[in-house]
Amino acid sequence: MSQSVRTYYHISEMQRALAELYALNGETVFIVPSGLDKELMLRLVAGGGSFFGARPRVRTMGEFYDEVAGLDGGRPLRVIDPPDHNLIVKYVLDNWLARMEAAQQRLPDGVRHRGFVSVVGDNIKDLLAEEISPQDMGDSLFGEEADAASPEYMLYTLYSDYLDYLAGNKLADASQIPTLARQCLSGPRAAEFVGSTEFVIVGFLSFAGGQLKLVRELGE
């Protein structure tokens, strides 16, 4: 399947092109950044008219993941809400602090500040969105010996613990959705679905690493 990129200043400039894409191929799936964009996309594809029969398939990344996860008999992981993300980060941070204290290790400045949980959580979300694994992180930052109290190793440990918690409880972070969707595409039914469908990914100002890998895989 070939890929093409079109640029625009305002999404309304793409109205005619989007409507024509849908008219030419009813198997088109439009992927948009959020649920708030779905109704606007439907209006653009309709060209001011109405739909008779099936409506165009407009999906968020999360809805696309749910769809492809079930094609080969699997089930999508339950994606946690932002408050759950913060609670899990606090849980793994508290456990890490307890281990460090038990080992009488020195602690970096600021780790007990109230806002530190948010700092760690934001860093974890960035790592997930860019599809950087703990293995990648460790290979890039550390040699055979690492300072357990260094900020880099602390983040590496908390990131690993966070992922272990999610995996152990069959959960997923929202930042993992593009990665999880891409991993589902290797099944035979998912591959058949992708091969017979035109995908239009629209409304994104930029792509994080995991999103870009998904876009490329859909094209390839």
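Annotations
- All of (1) modelled with pLDDT of 85 or more; (2) assigned to a loop (DSSP other than H, G, I, E, B); (3) more than 20 Å from Gly203 (Cβ to Cβ); (4) of a type in the set (A, V, I, L, M, F, W, C) hold for Phe52 with one exception: (1).
- Among the candidates Leu218, Leu205, the residue that is within 30 Å of His10 (Cβ to Cβ) and open to solvent by 50 Å² or more (accessible area, probe 1.4 Å) is uniquely Leu205.
- Residue in segment 196-212 that is closer than 22 Å to Asp72 by Cβ, out of contact with any strand residue (DSSP E or B) (no Cβ under 8 Å at 6 or more places or on another chain) and at pLDDT below 95 present: yes
- Members of segment 130-155 found to be in contact with a Lys or Arg (Cβ under 8 Å, 6 or more places away or on another chain) and open to solvent by 30 Å² or more (accessible area, probe 1.4 Å), listed by number: Glu131
- Checking each residue in segment 166-177 for being open to solvent by less than 30 Å² (accessible area, probe 1.4 Å) and closer than 11 Å to Leu77 by Cβ picks out Leu166, Leu171, Ala172, Asp173, Ile177.
- Unique residue being under 21 Å from Asp136 (Cβ atoms), within 16 Å of the chain's Cα centre (by Cα) and not aliphatic (A, V, I, L, M) when the list is Ser175, Ser150: Ser175
- Applying a threshold of 7 Å to beta carbon distances and a minimum spacing of six or more residues, or different chains, the list of pairs starting in segment 64-85 at a residue that is farther than 20 Å from Asp126 by Cα and ending at one that is assigned to a helix (DSSP H, G or I) and open to solvent by 70 Å² or more (accessible area, probe 1.4 Å) reads Leu71/Arg189; Asp72/Pro188; Asp72/Arg189; Pro76/Asp66.
- Members of segment 79-101 that are surrounded by 12 or more Cβ atoms within 10 Å (Cβ to Cβ) and within 16 Å of Leu171 (Cα to Cα): Val79, Ile80, Asp84, His85, Asn86, Leu87, Ile88, Val89, Tyr91, Val92
- Test for Val89: is it in a helix (DSSP H, G or I), more than 17 Å from Leu218 (Cα to Cα) and of a type in the set (A, V, I, L, M): yes
- Residue that is open to solvent by less than 30 Å² (accessible area, probe 1.4 Å), over 24 Å from Arg216 (Cα atoms) and part of a helix (DSSP H, G or I), where the choices are Leu127, Leu180, Leu163, Leu158: Leu158
- Scope segment 28-49; condition loosely packed, with under 12 Cβ neighbours inside 10 Å and part of a loop (DSSP other than H, G, I, E, B); matching residues: Ser34, Gly48, Gly49
- Qualifying residue in segment 60-70 (condition: over 14 Å from the mean Cα position of the chain (by Cα), within 30 Å of Arg189 (Cβ to Cβ) and either part of a strand (DSSP E or B) or not aliphatic (A, V, I, L, M) (or both)): yes
- Residue count for segment 128-141, restricted to those that are in contact with a helix residue (DSSP H, G or I) (Cβ under 7 Å, 6 or more places away or on another chain) and free of Cβ contacts under 8 Å to residues at least 40 places away in the same chain: 4.
- Counted residues, segment 102-122 - those being assigned to a helix (DSSP H, G or I), open to solvent by 60 Å² or more (accessible area, probe 1.4 Å) and either more than 16 Å from Ser160 (Cα to Cα) or not charged (D, E, K, R) (or both): 3
- Boolean, Ala98 is over 20 Å from the mean Cα position of the chain (by Cα), assigned to a helix (DSSP H, G or I), of a type in the set (A, V, I, L, M) and within 28 Å of Leu218 (Cα to Cα): no
The values are calculated or read from the model by the stated rules, or taken from the named source; none is laboratory data. Just so you know, these numbers come straight off a predicted model, no measurement behind them. Cβ: placed from backbone, ideal geometry, glycine included. Neighbour counts: every protein chain shown. In case anyone asks, the SASA skips ligands and DNA or RNA and just uses the protein heavy atoms, side chains included. Shrake-Rupley method; radii C 1.70, N 1.55, O 1.52, S 1.80 Å.
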